[in-house]
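Trainee: Please read through the structure below; I'll follow up with questions.
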Amino acid sequence: MIIVKVLKISYHPSTRSYFILLKDKEGDDCISLSVGSSEAQSIALALESIEEKRPMTHDLICHLLSEIGFTIKRVRITELKDGVFYSVIDLESKKYGKYNIDSRPSDAIAISLREKAPILIADDLIKNPSLQTDTLSKSKNTINSKNILNKLKIRLKNAVKNEKYEVAAEIRDKIKKIES
């Protein structure tokens with residue numbers, strides 16, 4: 001298994017599809033996974049560390065697991081069957097032991113980003129020439145940057161209003177990074 005990071009989320013207007021671009025942390029190999037719009041939005045929010053006023057589905061899952069004593073050890077994207085990627089979320093609890101939960105890769109990635117758990121992919125998937133992606137061609141259109149910017153600007157106003165200036169400075173920096 002190879003540790004990967006989420007490099008980009010792209011929208012391709014011609015196919016009306018969203019893709020997550022995963023990159024080998026130690027190398028240059030990349031692979032893209034098609035995801036639904038809700039999952040792409042959830043992953044984008046996690047990447048930008050944006051918290052909603054109320055918990056989203058993936059936030060709720062993380063809170064539930066934490067409350068019953070489970071930690072997310074890692075997410076593994078294990079195989080591709082009939083054009084569908086499969087993944088597993090590895091959980092661990094002192095009280096209940098270890099569990100491997102079947103999951104769609106998009107949900108597993110959204111959860112792992114929130115919990116700062118590593119994302120791994122099977123060697124044969126990321127090294128497969130027919131699945132590899134050219135980083136530059138897939139990373140042109142980052143999803144919903146306008147929506148993310150609007151949410152960040154609201155958070156910035158709230159942070160200043162509540163006199164949380166360190167948080168405001170971090171949010172300001174994120175806004176500048178997205179706008180540049």
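The values are calculated or read from the model by the stated rules, or taken from the named source; none is laboratory data. As the structure is a computational prediction, the values presented were derived from the model and not from experiment. Note that each Cβ is placed from the backbone with ideal geometry, even for glycine, and that neighbours are counted across all protein chains shown.
Trainee: Would you confirm whether any residue within the range 36-52 is touching a Phe, Trp or Tyr at 6+ places or on another chain (Cβ under 6 Å) and hydrophobic (A, V, I, L, M, F, W, C)?
Mentor: The answer is yes, given that some residue of the range 36-52 is touching a Phe, Trp or Tyr at 6+ places or on another chain (Cβ under 6 Å) and hydrophobic (A, V, I, L, M, F, W, C).
The rows are residues; the columns are (1) without any contact (Cβ under 8 Å) to a residue 60 or more places away in the chain; (2) within 18 Å of Y18 (Cα to Cα).
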| position | (1), (2) |
| --- | --- |
| I72 | yes, no |
| V84 | yes, yes |
| L91 | yes, no |
| D102 | yes, no |
| K116 | yes, no |
| L120 | no, no |
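Trainee: Let me ask something else. Take the conditions in a loop (DSSP other than H, G, I, E, B) and either modelled with pLDDT of 75 or more or in the same structural domain as E48 (by TED's automatic domain parsing) (or both) and apply them to N158. Does it pass?
Mentor: No: the conditions fail for N158.
Trainee: In the range 85-126, what residues are at pLDDT below 90 and among the hydrophobic types (A, V, I, L, M, F, W, C)?
Mentor: Matches in the range 85-126: L125, I126.
Trainee: Let me ask something else about it. I'd like the residue in the range 53-104 that is among the acidic types (D, E) and not in a strand (DSSP E or B) and, out of all such residues, is farthest from L120 (Cα to Cα).
Mentor: If we take residues in the range 53-104 being among the acidic types (D, E) and not in a strand (DSSP E or B), then E67 is farthest from L120 (Cα to Cα).
Trainee: Next up: Specify which of the listed residues (I50, I9) is touching a residue at least 40 places away in the same chain (Cβ under 8 Å), closer than 26 Å to D173 by Cβ and part of a loop (DSSP other than H, G, I, E, B).
Mentor: Every option except I50 fails the conditions.
Trainee: Return the residues of the range 4-50 that are of a type in the set (S, T, Y) and surrounded by fewer than 20 Cβ atoms within 10 Å (Cβ to Cβ); say none if nothing qualifies.
Mentor: Y11, S14, T15, S17, S34, S37, S38, S49
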